[in-house]
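Scroll down for the structure; my scribbles are underneath it.
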(Lines give C-alpha, C1' and ligand atoms only; values in the text may rest on other atoms or scores of the structure.)
Protein backbone atom coordinates (compact mmCIF):
# COMPACT_ATOMS: atom_id res chain seq x y z
CA UNK A 1 0.00 0.00 0.00
CA UNK A 2 1.29 3.45 -0.90
CA UNK A 3 2.02 5.84 1.93
CA UNK A 4 2.43 9.61 1.92
CA UNK A 5 4.41 11.38 4.63
CA UNK A 6 3.31 15.00 5.08
CA UNK A 7 5.72 17.43 6.78
CA UNK A 8 4.18 20.64 8.08
CA UNK A 9 5.78 24.06 8.28
CA UNK A 10 7.13 26.22 11.10
CA UNK A 11 4.70 26.82 13.94
CA UNK A 12 2.14 24.43 12.51
CA UNK A 13 1.15 20.85 13.30
CA UNK A 14 0.46 17.61 11.50
CA UNK A 15 -3.30 18.11 11.54
CA UNK A 16 -3.94 21.09 9.28
CA UNK A 17 -5.63 22.16 6.05
CA UNK A 18 -3.11 20.51 3.74
CA UNK A 19 -2.95 17.22 5.61
CA UNK A 20 -6.77 17.09 5.78
CA UNK A 21 -7.00 17.79 2.04
CA UNK A 22 -4.45 15.04 1.28
CA UNK A 23 -6.26 12.60 3.58
CA UNK A 24 -9.65 13.33 2.04
CA UNK A 25 -8.37 13.03 -1.53
CA UNK A 26 -6.17 9.96 -1.16
CA UNK A 27 -8.50 8.16 1.25
CA UNK A 28 -7.22 4.62 0.75
CA UNK A 29 -3.59 5.70 0.92
CA UNK A 30 -2.06 5.77 4.36
CA UNK A 31 -1.27 9.41 5.21
CA UNK A 32 1.31 9.96 7.91
CA UNK A 33 1.24 13.50 9.29
CA UNK A 34 3.14 13.78 12.58
CA UNK A 35 3.57 16.84 14.76
CA UNK A 36 7.26 17.61 14.30
CA UNK A 37 9.64 18.58 17.11
CA UNK A 38 10.68 22.25 17.13
CA UNK A 39 14.41 21.44 17.17
CA UNK A 40 15.46 20.73 13.55
CA UNK A 41 17.89 17.94 14.50
CA UNK A 42 15.16 16.20 16.52
CA UNK A 43 12.68 16.69 13.67
CA UNK A 44 15.06 15.04 11.17
CA UNK A 45 15.74 12.13 13.55
CA UNK A 46 12.02 11.64 14.16
CA UNK A 47 11.16 11.75 10.45
CA UNK A 48 14.10 9.48 9.52
CA UNK A 49 12.87 6.86 12.01
CA UNK A 50 9.36 7.14 10.59
CA UNK A 51 10.67 6.73 7.02
CA UNK A 52 12.68 3.64 8.03
CA UNK A 53 9.64 2.07 9.75
CA UNK A 54 6.82 3.08 7.39
CA UNK A 55 8.59 3.25 3.97
CA UNK A 56 6.50 6.08 2.44
CA UNK A 57 6.47 6.30 -1.35
CA UNK A 58 6.10 10.10 -1.34
CA UNK A 59 7.08 13.02 0.86
CA UNK A 60 4.95 16.17 0.83
CA UNK A 61 6.44 19.16 2.61
CA UNK A 62 5.15 22.68 3.10
CA UNK A 63 7.44 25.64 3.88
CA UNK A 64 9.92 24.42 6.54
CA UNK A 65 8.52 20.93 5.90
CA UNK A 66 9.61 21.39 2.26
CA UNK A 67 13.16 22.11 3.46
CA UNK A 68 13.08 18.96 5.60
CA UNK A 69 11.56 16.98 2.70
CA UNK A 70 14.45 17.99 0.44
CA UNK A 71 17.04 16.82 2.97
CA UNK A 72 15.20 13.52 3.46
CA UNK A 73 14.40 12.98 -0.22
CA UNK A 74 18.11 13.24 -0.98
CA UNK A 75 19.07 10.99 1.93
CA UNK A 76 16.48 8.26 1.27
CA UNK A 77 15.93 8.80 -2.49
CA UNK A 78 12.18 9.31 -2.06
CA UNK A 79 10.29 11.60 -4.47
CA UNK A 80 8.90 14.76 -2.91
CA UNK A 81 6.22 17.36 -3.51
CA UNK A 82 7.24 20.72 -2.10
CA UNK A 83 4.65 23.42 -1.39
CA UNK A 84 6.10 26.94 -1.08
CA UNK A 85 9.29 25.38 0.33
CA UNK A 86 11.72 27.27 2.51
CA UNK A 87 15.18 27.20 0.93
CA UNK A 88 17.21 29.07 3.58
CA UNK A 89 15.22 28.76 6.81
CA UNK A 90 18.22 29.73 8.95
CA UNK A 91 17.82 33.19 7.38
CA UNK A 92 14.04 33.48 7.05
CA UNK A 93 13.34 32.16 10.56
CA UNK A 94 15.97 34.31 12.32
CA UNK A 95 13.36 36.95 13.26
CA UNK A 96 11.34 34.22 15.03
CA UNK A 97 13.98 33.32 17.63
CA UNK A 98 12.27 33.40 21.01
CA UNK A 99 8.82 32.38 22.20
CA UNK A 100 6.26 31.64 19.50
CA UNK A 101 2.66 30.46 19.36
CA UNK A 102 1.65 27.54 17.17
CA UNK A 103 -0.91 28.53 14.53
CA UNK A 104 -2.88 25.33 14.89
CA UNK A 105 -3.60 25.27 18.62
CA UNK A 106 -2.02 28.28 20.33
CA UNK A 107 0.59 26.16 22.18
CA UNK A 108 3.67 28.20 23.10
CA UNK A 109 7.14 27.00 22.10
CA UNK A 110 10.65 28.40 22.19
CA UNK A 111 12.55 28.68 18.93
CA UNK A 112 16.21 28.77 20.02
CA UNK A 113 19.18 30.42 18.23
CA UNK A 114 20.82 26.96 18.10
CA UNK A 115 18.02 25.84 15.77
CA UNK A 116 19.21 28.27 13.08
CA UNK A 117 22.64 26.60 13.14
CA UNK A 118 21.02 23.17 12.95
CA UNK A 119 18.97 24.26 9.94
CA UNK A 120 22.01 25.57 8.08
CA UNK A 121 23.81 22.24 8.60
CA UNK A 122 20.86 20.41 7.01
CA UNK A 123 21.05 22.33 3.73
CA UNK A 124 21.47 20.15 0.63
CA UNK A 125 21.00 20.98 -3.01
CA UNK A 126 18.31 18.91 -4.73
CA UNK A 127 20.09 16.46 -7.04
CA UNK A 128 19.42 12.76 -6.58
CA UNK A 129 15.70 12.61 -5.93
CA UNK A 130 12.67 13.73 -7.98
CA UNK A 131 10.60 16.78 -7.13
CA UNK A 132 7.32 18.47 -7.96
CA UNK A 133 7.47 22.04 -6.65
CA UNK A 134 4.29 24.08 -6.20
CA UNK A 135 4.78 27.82 -5.70
CA UNK A 136 2.52 30.82 -5.36
CA UNK A 137 3.89 34.20 -6.39
CA UNK A 138 2.09 36.18 -3.69
CA UNK A 139 3.64 34.15 -0.87
CA UNK A 140 3.94 36.82 1.83
CA UNK A 141 6.55 34.84 3.84
CA UNK A 142 9.00 33.46 1.26
CA UNK A 143 10.15 34.81 -2.09
CA UNK A 144 8.92 32.17 -4.55
CA UNK A 145 11.74 33.06 -6.99
CA UNK A 146 14.34 31.59 -4.62
CA UNK A 147 12.69 28.15 -4.74
CA UNK A 148 11.99 28.49 -8.46
CA UNK A 149 15.74 28.97 -9.03
CA UNK A 150 16.87 26.27 -6.58
CA UNK A 151 14.60 23.59 -8.10
CA UNK A 152 14.79 24.78 -11.73
CA UNK A 153 15.90 21.38 -13.07
CA UNK A 154 12.72 19.76 -11.73
CA UNK A 155 9.01 20.24 -12.40
CA UNK A 156 8.14 23.64 -10.96
CA UNK A 157 4.61 25.07 -11.13
CA UNK A 158 4.15 28.76 -10.33
CA UNK A 159 0.64 30.00 -9.72
CA UNK A 160 0.47 33.74 -9.93
CA UNK A 161 -1.36 35.00 -6.87
CA UNK A 162 -2.09 32.89 -3.82
CA UNK A 163 -0.30 33.09 -0.48
CA UNK A 164 2.08 31.21 1.80
CA UNK A 165 -0.66 28.91 3.10
CA UNK A 166 -1.40 27.64 -0.44
CA UNK A 167 -5.08 27.56 0.49
CA UNK A 168 -6.21 26.08 -2.82
CA UNK A 169 -4.15 22.89 -2.47
CA UNK A 170 -7.26 20.89 -3.46
CA UNK A 171 -6.79 22.16 -7.04
CA UNK A 172 -3.40 20.39 -7.20
CA UNK A 173 -4.24 17.02 -5.64
CA UNK A 174 -4.73 15.25 -8.98
CA UNK A 175 -1.33 16.59 -10.11
CA UNK A 176 0.24 15.24 -6.90
CA UNK A 177 -1.44 11.89 -7.54
CA UNK A 178 -0.11 11.78 -11.12
CA UNK A 179 3.40 12.63 -9.90
CA UNK A 180 3.24 9.92 -7.25
CA UNK A 181 2.02 7.29 -9.73
CA UNK A 182 4.67 8.21 -12.30
CA UNK A 183 7.38 7.90 -9.63
CA UNK A 184 6.06 4.53 -8.40
CA UNK A 185 6.29 3.18 -11.95
CA UNK A 186 10.00 4.02 -12.28
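The values are calculated or read from the model by the stated rules, or taken from the named source; none is laboratory data. Keep in mind that this is a model prediction, so the values were computed, not measured. Every residue, glycine among them, receives a Cβ derived from its backbone with ideal geometry; neighbour counts consider all protein chains shown.
At a glance:
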item	result
Qualifying residue in the stretch 160-176 (condition: in a loop (DSSP other than H, G, I, E, B) and at pLDDT 95 or above)	no
Among residues of the stretch 16-31, those that are free of Cβ contacts under 8 Å to residues at least 24 places away in the same chain and assigned to a helix (DSSP H, G or I), counted	4
Residues satisfying the stated conditions in the stretch 104-146, i.e. part of a helix (DSSP H, G or I), over 15 Å from residue 10 (Cβ atoms) and within 15 Å of the chain's Cα centre (by Cα)	144
Residue pairs meeting the criteria (Cβ under 6 Å; at least 6 apart or on separate chains; first closer than 18 Å to residue 148 by Cβ, in the stretch 66-79; second in a helix (DSSP H, G or I))	67/89
Unique residue being in a loop (DSSP other than H, G, I, E, B) and closer than 17 Å to residue 132 by Cβ when the list is 34, 56	56
Hits in the stretch 139-173 (condition: closer than 20 Å to residue 94 by Cβ and without any contact (Cβ under 8 Å) to a residue 12 or more places away in the chain)	143, 145
Test result for residue 182, modelled with pLDDT under 95, part of a loop (DSSP other than H, G, I, E, B) and within 23 Å of residue 74 (Cβ to Cβ)	no
Tally, over the stretch 37-47, of residues that are in a helix (DSSP H, G or I), surrounded by fewer than 17 Cβ atoms within 10 Å (Cβ to Cβ) and in contact with a helix residue (DSSP H, G or I) (Cβ under 7 Å, 6 or more places away or on another chain)	1
Within the stretch 1-15, considering residues that are surrounded by fewer than 18 Cβ atoms within 10 Å (Cβ to Cβ) and either assigned to a loop (DSSP other than H, G, I, E, B) or at positive phi (or both), the one modelled with the lowest pLDDT	1
Residues located in the stretch 59-103, provided they are in contact with a strand residue (DSSP E or B) (Cβ under 8 Å, 6 or more places away or on another chain), part of a loop (DSSP other than H, G, I, E, B) and farther than 20 Å from residue 128 by Cβ	63, 84, 93, 97, 102
Flag if residue 149 is surrounded by fewer than 14 Cβ atoms within 10 Å (Cβ to Cβ) and modelled with pLDDT of 95 or more	yes
